[in-house]
Each structure stands twice: as structure tokens, then as C-alpha cells.
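Contents: one structure, followed by commentary.
The values are calculated or read from the model by the stated rules, or taken from the named source; none is laboratory data. Quantities reported herein were computed from a predicted structural model and do not represent experimental measurements. Methodologically, a virtual Cβ is constructed for each residue, glycine included, from the backbone with ideal geometry; neighbour enumeration extends over all protein chains shown. Heavy atoms of the whole protein, side chains included, go into the accessibility calculation; ligands, DNA and RNA do not. Shrake-Rupley method; radii C 1.70, N 1.55, O 1.52, S 1.80 Å.
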Amino acid sequence: YTFIDLGGNTVTNDFLWNPNNTTLGFQRALTAYSTELQQIWETPQQTLVVGGRYQFAWADTDSSLFRPGTGPFGVDVNVPQSFDNDLNRFSLYGYEHWKFCDTLSVIGGLSYDKLHYPRNIDIAPLTGDETTTDRLSPKAGILWTPWQDANVRAAYTRSLGGVFLDSSVRLEPVQIAGFNQAYRSLIPESVAGLVPGTRFETWGAGFDQRFKETGTYLLLQGEVLNSDATRTLGILTNDVASADPLTPGNPSSTRQTLDFEERSFVAVVNQLVGKEWSLGVRYKLTDADLETQSLDIPSTVSGASVLNQDVSATLHQVWLYAIYQHRCGFFAQFDTVWSQQSNRGYPASVTSADFWQVNMYAGYRFLQRRGEVRLGLQNLGDQNYRLNPLTLYNELPRERTLTVSLKLDF
């Protein structure tokens, strides 16, 4: 939590206080229900999907902040809280897929979402206030085959995020032209925490080509993901009218805007070598920017940079891999991944990263490929790492790891 000194005539210097030696007790029980009705009409030239969804939930949250009276404050800080909040979401949507010819399909859609949710039951001190937001969101996509074995995809979507799992429990299509449009949060929650009611805007375009003569497969894809939201943060304030005006014992809240943009580009080349070998390389560039701004706390307050930030990160990753598959069922795989990340706008303690990891696998497929046993050794060099979570990445093992897996398909 954060303490905001209101100043007044008693305290001469305003400041943000983020104290150590503070304990937080937190417990939440969430009960949620979802119901959805969907109808699909399909002909050889078009597919129409319409539906509606209603979700409702109850969240019972208990929070307790405690800090002994040391440092600049001579009395204990003790803020117990308990709230029962309602959440509900109502959605209507329609998607039309037109197939104009064998080489061209167009997708159009429209959705309406109305979300009622608690302002803050995640960042202590909490608030029992609730609010409502809604959004009308257009969707568009295209699938085009300009020549043989080539595909072009593009999509544009808008959507309204949820609070907890409401965006994940749905029959409504989650992809447009192969691009995801259903997110709970674009801003990594390890960076910003829970941001309810976020508004999303996504752009995506991709091209893939198969060369039969050479056994080469090519993929190029780019995306731009935007999200913006205004959320409520819990703070503690002093009471300048009390007998002890330096005691931060009053739970309150402040508003914060968040503006996030992530740009990514992926290039993949796979090559078949004979009947048993395949080689490949995959490159991904991710660049992310996050700007946060407090709407209620002046920038002149010392320490306001906690709530006002403009930070960026760029992540490069390259995968190299070779796969051997024998017709008897034996297979083996070798791959290595290089990661390089740079950060901007952060203090010097947030350093860049540059490292390699190597993985090896071997296994056997049986029962006409319905069963598979695999043995793997990941991160052979026992290489730990530190990556800024602002840029999206798949979690890599942090130490040498042995994996054993058995898969059965029925």
C-alpha cells in the first residue's frame, strides 16, 4: 500500500510513503456463474454466428494492513477491511464470415459488453465502491490466398476486458483471422496487477508460404496491441484534524490511468531435409511501452514517480532447432534459444539481459502415434536469467531441468 501525506498546515513537506515492515493479510472467495446462448447459420458462402452471454458473481474479500509504530510514525497502523461485492457482465455479439470465392474470405463482427464491477478489491486498502462501463466493439478480418500455397491474414478488433475469469469463459469466438481478441489483461499482471474493465484495440497481419519443391515453410506476422484503463488504487492518508496528524490510518483511494502498447514481429523458416530431418529458425521481436499517470496526486509530491511512470522494454529472441524422426517411431530434438532485452525509463537496478539456453529431447511414438514418451534435458548450461516481464515471453527454465512425459490420445 501507499501512504499519501495530505500536508495541510501541520506537515510542511508532502511525500509518498511506502513502508517496510508492513504485513498484509488477504483472503478472497469468488463465486461465479456464466450462461450463454449461441446460434450458428451456415451455407456454402457464409457463416453467421450470433449469441448472448450473462455472467454474475459475488466476491467476498477480507484485508488487513498492520505496521508497528516505528520510524516517523509513533503509533501502530492497523486497517482491517471486509467487503462483499457484486460483479456482472452482459454481452451481445454477431460475426459474419463471407466467402466471396475460393481465395478470399472476409469477416465482420460487432459486440456490445456492459460490465459492472468493484473499483478496487485487489490493492489494499480496498474500497466497497462499484462502477459500470460498457463498449460497442467492431471486428474485421480478411483471409486471402493470392497464389498457390500462400495465405495472407489481417485483423482489427476492439473489446472490453473483464475482472477475473469472465473473459475466459465464453463461446463467443476468441480469434479473428487467427489473431487473438480475448484478453483479461494486455499489461502483464506481474507489472501492474489486476486492471479491471480495460479497453483493448488490436491490429494484426500475417503471411505464410509453403514451397512444395524445396520443402520450405515461411511465416511472417506482426501485431500491435493497445490497452487503456483508469483504475482505483488503495492508499492510506493522514488526518490533519486529528490529535496525531502524522498517523496514516485512514483508508482512501486515488485514480491512476494506464496506457500500454505492445508491438511484436515474428519470422519463422522451417526446412525439410530428406524424409527424417527438419531444421528451423524462429525470430521474435517484442517492444512494449507503459505509461501510468496519477489523476489526483500532484507531481510535485516527493515520490510521486511511484504512480507516474513512462517505461519501455525491447526483447529479441531467436530459436534454432533440429528435429530427427525415424519411421519406426524414434525421434530426437535439439534446440537453443537466445534472449536479449534492453530497458528504458527504469532505475539503474533494472538491468539488461543477454543469454543462451540449450535443450535436448528424445522419445518414441507408438500405437500409430497415439502414444508418446519423451525424455528431455532443459537448460543444459544451468543458466539463470532476469527478464523484465513488461515484454511478453514464454517462461524458460531457471536451472538445469529433467523432464519426463507420457502422452496418450484416445
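Given a Förster distance of 22 Å, report the FRET efficiency between residue 374 and residue 352 from their Cβ-Cβ distance, rounded to the nearest 0.05.
Taking R0 as 22 Å, the efficiency between residue 374 and residue 352 is 0.05.
Evaluate the Kirkwood expression for the hydrodynamic radius of the range 274-410, namely the inverse of the mean inverse distance over all pairs of different C-alpha atoms, and round to one decimal in Å.
When all Cα pairs of the range 274-410 are included, the Kirkwood radius is 18.2 Å.
What figure in square angstrom, to the nearest 10, would you give for the accessible area of residue 338 with a 1.4 Å probe?
Accessible area, nearest 10 Å²: 60 Å².
With a 1.4 Å probe and every protein chain kept in, tell me what percent of the accessible surface of the chain is carbon plus sulfur.
After summing per-atom areas, the C and S share lands at 55 percent.
Compute, for residue 123, the solvent-accessible surface of its heavy atoms (probe 1.4 Å) with the complete set of protein chains present, and express it in square angstrom to the nearest 10.
Counting only protein heavy atoms, residue 123 exposes about 50 Å² to solvent.
When all C-alpha to C-alpha distances in the chain are sorted into bins of 10 Å, what percent of pairs does each bin hold, rounded to whole numbers?
Pairs per bin, as whole percents: 4, 16, 22, 25, 20, 9, 4, 1, 0.
Cross-link candidates for residue 139: which lysines have Cα within less than 23 Å, leaving aside residues fewer than 8 places away along the same chain?
Partners found: 99, 114.
Might you tell me the accessible area per residue for the chain, computed with a 1.4 Å probe and given in Å²?
Each residue of the chain exposes 53 Å² on average to a 1.4 Å probe.
Would you mind getting me the FRET efficiency between residue 336 and residue 148? Use the beta-carbon distance for r and R0 = 35 Å, nearest 0.05.
For residue 336 and residue 148, the calculated efficiency is 0.55.
Report relative contact order for the chain in percent, whole number only (criteria: Cα-Cα under 8 Å, sequence separation at least 6).
10
Name the residues whose placed amide hydrogens come within less than 5 Å of the amide hydrogen of residue 296, ignoring near sequence neighbours (fewer than 5 apart) on the same chain.
255
For the range 16-171, state what percent of all Cα-Cα pairs lands in each successive 5 Å bin, counting from 0 Å until the bin that includes the largest distance.
Histogram of Cα-Cα distances, whole percents per bin: 2, 7, 13, 13, 12, 10, 9, 8, 7, 6, 5, 4, 3, 1, 1, 0.
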